[in-house]
Amino acid sequence: MPKSQGPWTVQELHDLLGEFEQELRSANLKESSIRTYVDRSRFFVRWLDDDFHPRGPNA
């Protein structure tokens with residue numbers, strides 16, 4: 001768990017995602033579950049940084 005309560009920079013959020021992934025692995029989650037948690041979180045952090053723009057099926 002993060003030691004501080006933010007606010008965090010985008011880079012710090014990416015770094016924390018790495019720590020989050022390690023905790024998920026330590027909890028012996030299935031790889032598919034880890035990918036779901038981490039990838040969706042990564043999209044959100046990228047969106048915060050204006051580096052991700054959701055696209056629908058007709059994009």
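The values are calculated or read from the model by the stated rules, or taken from the named source; none is laboratory data. Just so it is clear, the structure is predicted and the values come from calculations on it, not from any experiment. Using ideal geometry, Cβ is built from the backbone for each residue, glycine included, and neighbour counts are taken over all protein chains shown.
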Requested in this report: Pull up segment 45-59, narrow it to residues that are in contact (Cβ under 8 Å) with a residue 12 or more places away in the chain and outside any loop (DSSP other than H, G, I, E, B), then point me to the one that is surrounded by the fewest Cβ atoms within 10 Å (Cβ to Cβ).
Outcome: Leu48
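Could you list all residues from segment 9-59 that are β-branched (Val, Ile, Thr) and either under 8 Å from the mean Cα position of the chain (by Cα) or modelled with pLDDT under 95 (or both)? Before you say what the answer is, go through the steps one by one.
Within segment 9-59, the first condition is being β-branched (Val, Ile, Thr), and the residues that meet it are 9-10, 34, 36, 38, 45.
Result: Thr9, Val10, Val38, Val45.
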